[in-house]
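Here's the structure we're looking at; comments come further down.
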Amino acid sequence: MRIAIASDHAALEMKAALVGWLQDAGHSVTDLGPITTDSVDYPDYGYKLAEEVASGRAERGVALCGSGIGISIAVNRHPACRCALVSEGLSARLSREHNDANVIAMGARLVGIEIAKDCLDVFLKTEFGGDRHQRRVDKLSAPSIEGANA
């Protein structure tokens, strides 16, 4: 699978560990940065990651920052991205089954590397459930106030 990964400075160590782990598993990984622990702004990297996934150059994305919150918000600004912030395997599985998430976000200050690997493994192996979930996923990319009043 083609996977893009990006972080901020707080998640650089986790990103490096996950890049190696993903490559060892046979995935093609594009590391969008950063490459040093110098302070950076997570939105810049979240936007780069969102564009990589939205363009189709990557099938899935991995977004990392200190908490995972900021970078997930940045990725979700792109209408083609569905980024789920997770901290355990069940949320990773449900994000794919129910929401067809194409990006997973985690917080390096909140999730250990082994849990992050487990979440990512589940995320990559889980298929979208389709069926009743498809119309909801369709609405995520085309929000409508009318739908809220139904």
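Would you please name the residue that is surrounded by the fewest Cβ atoms within 10 Å (Cβ to Cβ), looking only at residues in the stretch 76-92 that are under 20 Å from residue 16 (Cα atoms) and aliphatic (A, V, I, L, M)?
Out of the qualifying residues, it is 85.
Please go through the stretch 69-92 and pick out each residue that is touching a residue at least 40 places away in the same chain (Cβ under 8 Å) and in a loop (DSSP other than H, G, I, E, B).
Hits for the stretch 69-92 are 79, 80, 82.
Which residues, counting only those in the stretch 26-40, are under 17 Å from the mean Cα position of the chain (by Cα) and closer than 12 Å to residue 7 by Cβ?
Scanning the stretch 26-40 gives 31, 32, 33, 34.
Would a scan of the stretch 109-127 turn up a residue that is at pLDDT 85 or above, part of a loop (DSSP other than H, G, I, E, B) and among the small types (Gly, Ala, Ser)?
Within the stretch 109-127, one or more residues are at pLDDT 85 or above, part of a loop (DSSP other than H, G, I, E, B) and among the small types (Gly, Ala, Ser).
Kindly check whether there is at least one residue in the stretch 52-63 that is surrounded by 18 or more Cβ atoms within 10 Å (Cβ to Cβ) and among the acidic types (Asp, Glu).
yes
When the stretch 12-49 is examined, which residues are found to be of a type in the set (A, V, I, L, M, F, W, C), surrounded by fewer than 17 Cβ atoms within 10 Å (Cβ to Cβ) and assigned to a helix (DSSP H, G or I)?
Across the stretch 12-49, the qualifying residues are 16, 17, 21.
Do we find that residue 95 is surrounded by 17 or more Cβ atoms within 10 Å (Cβ to Cβ), among the hydroxyl-bearing types (Ser, Thr, Tyr) and assigned to a helix (DSSP H, G or I) in this structure?
Here the answer is yes, as residue 95 does meet what is asked.
The values are calculated or read from the model by the stated rules, or taken from the named source; none is laboratory data. Since the structure is predicted, the reported quantities are computational estimates derived from the model, not experimental observations. Note: ideal-geometry Cβ built from the backbone for every residue, glycine included; neighbour counts use all protein chains shown.
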